[in-house]
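So the structure is just underneath, and the comments pick up after that.
The values are calculated or read from the model by the stated rules, or taken from the named source; none is laboratory data. A quick note: this is a predicted structure, and the numbers were derived from the prediction, not measured. Neighbour counts are summed over all protein chains in view; Cβ atoms, including those assigned to glycine, are modelled from backbone coordinates with ideal geometry. The protein model used for the area step is the full one, side chains on, heavy atoms only, and it has no ligands, DNA or RNA in it. Shrake-Rupley method; radii C 1.70, N 1.55, O 1.52, S 1.80 Å.
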Amino acid sequence: MSKSRKIKEILGLNRRNQEYVRPLNPPSAKRIADNKILTKKILARERIKTPEVYKLVKTKKQLQFLDFESLPNSFVIKPNQGTGGNGIVVLYGKKKGQTAWIRPSGEIMTARDITLHIENILDGRYSMGSRKDIAIIEERVKTDPFLKQYSYKGVPDIRIIGYNQVPIMAMMRLPTKKSNGTANLHSGAICTGIDISSGITTYSMHMQDRSIMSDSYEMIDSTLDLKENKKLGGIQVPYWDEILEIAVKCQRASKLGYIGVDIALDAEKGPVVFELNARPGLGIQVANQAGLRWRLEKVKGIEIKSINHGIRVAKNLFGGEVEESIEAISGRKVVNINEKVLLYYKTPVSKKKNDPQNREAIRVFVDTGLITSRINKTLASRIGFFEAIEYFYSLSIPKKFESFKEGQEYIDSNQSTIIGHPDILRVAKIVEEGAIKIRPVIHVHTKIASEEKDIEMVITEDTTYNVVIGRNELKGYLIDTSKTFT
Amino acid sequence: MDYTPFTKWVLDNGIAERTLELLVGIAIIATIVSLARYLVGSKSFGIYVPIILAVAYTYTGLRYGLIITAVVIASSLLSFLILSRIRMHYISRMAINYCLTIMSLIVFFVVVKKYNLGLPNMSLIQPLAIISIIALSDFFAKQQIKKGFKTTMLVLGSTIIIASLGWFLITREAVSAFMVNNLWLIPALIVVNILIGQFSGLRFKDLLRFRTIIQEKENVKK
């Protein structure tokens, strides 16, 4: 793909604001996303889980009477209208016998420290436009044990961009030691792209700190600073379908036309929505190594009839990142069960090798149960083996044999006449429509998964598939079974 | 200087020449800020700060202006460092920041005079220009609390670059004479800004940010 095409696929800040955020996210909807309490209320109506609220502190008076003894061992303090994760304090555990709590960084916060922090929240230090704010004291989400092994202390969260009720792109943010257990990319968290159709992670990025630019990413393979670093590509995110469903539901409930949904996986509750975002960032494109713009434009104007319809559209349109990344990691090509293959004519029509006149594009069926590939008689004669077929059928070979042994005996005694035509390499004994038959084998020049090669094919009379690719040709390929003929 | 009839009319009807030059300059700098934001993607402390800095620099001269800016920023950073250890209210923190800035500036001016560091005497400079530069510390400190050190320094850098660019344009005799003589250019700047305002393409910074996506696939093709 050319560079300029690639550039056109990327969504920039200007277009995000002008074509998506401003026209699609009305002020009333933005107000919901910018207000965590309101978000919780609206999502509760749709039975979407959010972290449980322990206490709300609305005024300094309430803060004076805040009963620290009643607070649990671990909780989170958040500004109701905070932006970008600012002002969020996670308290991990309580110090024994004291009214003091421990932060993931090891720092200890006493009741006085907490009071001061909440005061700052109330004063609007973390809210948009420094407006007065409310402090939320809520449940600390306990990380799903599977994802826990990839993150340092904090909770990984999954961001999904939704548009027109279709999940468009997804990524996971993993807290690191450097980010102090927060999922904030600017403080050093890792972001990992997720294939929408399968929920499998693809590329992983990490913000470079030495660069002068604020948004410069570096591609990484595994976690950076855990005791035991793990490979980041190819992780299956648990609850994937449920996560997509929640993302679409959140979009419906909030009426945000262009939305970023942040979901965490709780060890007990499963997917829990952290936050809705009316101006989701564009860094997700880097994590997925793909542009948002063309995806958004593909989905534009499609009438989505139900939640499942939205998910289906997303899976059909935006799957496939995994294939590329598997190829990059394993060096193996991925072929689908029905793969598009180019068959070249035996004698080229045009002198130029790559002229489309010289070949035919065929949907083939990949069958690991077969050894040698097969080609339908009609197709074989069309691509230039007409004479060979004519010759073979002019021989009076019995229509069927009782056993393979009998077939082999026939071949042995008539060897020279059967392979009398130069195009026929040999003959093969195959089972077709329940009978054992002898069929000619030819060499066909093909291009599978962007690789050119000669394939031995048995000419059959079976018309179910034009071409079936067998095991002989599949060495070194990975077969993706998720795409079928439907 | 020869003016067009319209400019002459404006000047004869209560606007001083210097004032008119500055007013036109403000319109130009405002447009530069908008260009920088939406075409380049470099953020500044709003539109007001670059304008006020550029205008202040026309009074102080660029070199002196930049040095005062550096002193203001350094003292803001210092106060931030000292005060970060003490928990205190926001406005009080800002007030201390101002006090420290003023103290550093006084010391600075005395040092300049005493050791004759080759800078023009302070008494020649409009106090208001210096005050305008001091106001920068307010924006700087606020940003620092909200967005952290690195982002703030980046924004500060681009603010100063835009302001210097603005200073350069409005102090060119030819530019200001041309603008004053062609006041219709101000509505033309509106048209320019309407165009920038409609621009939905990638900013220069977007291109840098997403360069891995643009390059990556090309490599695969090979």
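For segment A:45-50, 3J(HN,Hα) computed residue by residue from phi via the Karplus equation (6.51, -1.76, 1.60; θ = phi - 60°) reads 4, 8, 6, 9, 7, 10 Hz, glycine and proline entered as x. For segment B:7-158, the convex hull spanned by the alpha carbon atoms encloses 138 Å³ per residue. Using the Cβ-Cβ distance between A:LYS230 and B:LEU22 with R0 set to 51 Å, the FRET efficiency works out to roughly 0.25. Total buried accessible area between B and A, probe 1.4 Å, nearest 100: 3200 Å². The Rg/Rh ratio of the protein assembly as shown, with both radii computed over alpha carbons and Rh defined as the Kirkwood radius, is 1.12. In segment A:364-478, one over the average inverse separation of all distinct C-alpha pairs is 14.7 Å, which is the Kirkwood hydrodynamic radius. Dividing the summed -39500 (n - 2.57) terms of all DSSP H runs of n ≥ 4 by the residue count of chain B sets its mean residue ellipticity at 222 nm at -25500 deg cm²/dmol.
What separates the Cα centres of segment B:10-47 and segment B:161-218 is a distance of 12 Å. Taking packing as the residue-averaged number of other Cβ atoms within 10 angstrom, the listed peptides A:230-238, A:401-409, A:307-315 run from highest to lowest as A:307-315, A:230-238, A:401-409. Across all directions, the average flat footprint of the convex hull enclosing the Cα atoms of segment B:69-163 is 6.8 nm².
What's the carbon and sulfur percent of segment A:383-486's accessible surface, probe 1.4 angstrom, rounded to a whole number? The value for segment A:383-486 is 51 percent carbon and sulfur by accessible area. Note on A:14-24: average number of Cβ atoms from other chains within 10 Å of each residue's Cβ is 3. Helix A:321-330 and the longest principal axis of the C-alpha atoms of chain A enclose an angle of approximately 70°. Remark: segment A:373-486 carries 55 Å² of accessible area per residue (probe radius 1.4 Å; ligands, DNA and RNA excluded). Modelled spin labels at A:SER306 and B:LEU39, positioned 7 Å past Cα toward Cβ, are 5.2 nm from each other.
Packing here is the average count of other Cβ atoms within 10 Å per residue, and on that basis the peptides A:433-445, A:261-273, A:58-70, highest first, run A:261-273, A:433-445, A:58-70.
Just the protein heavy atoms count here, and of the accessible area of chain B at 1.4 Å, carbon and sulfur take up 70 percent. Working from label points 7 Å from Cα in the Cα-to-Cβ sense, the A:GLN208 to A:LYS269 distance is 4.0 nm. Summary value for chain B: 39 percent relative contact order, contacts being C-alpha pairs under 8 angstrom separated by 6+ residues.
Each label was represented as a point 7 Å from its Cα along the Cα-to-Cβ direction; for B:HIS89 and A:SER130 these points are 1.4 nm apart. Segment A:47-123 and segment A:344-415 have their alpha-carbon centroids 74 Å apart.
May I ask for the net charge around B:THR159, where only other residues with Cβ less than 12 Å from the Cβ of B:THR159 are counted and Lys, Arg are +1 while Asp, Glu are -1? So the environment of B:THR159 carries a net charge of +2.
Measuring r between the beta carbons of B:PHE204 and A:GLU52 and using R0 = 51 Å, the FRET efficiency lands at 0.65. Take each residue of peptide B:198-210, count the partner chain Cβ atoms within 10 Å of its Cβ, and average: the result is 6. The largest accessible area among B:ILE190, A:ILE430, B:ILE67 belongs to the first residue in B:ILE190, B:ILE67, A:ILE430, and the rest follow in falling order (1.4 Å probe, all chains). The mean sequence distance of close C-alpha pairs (under 8 Å, at least 6 residues apart), as a share of the length of segment A:1-87, puts its relative contact order at 28 percent.
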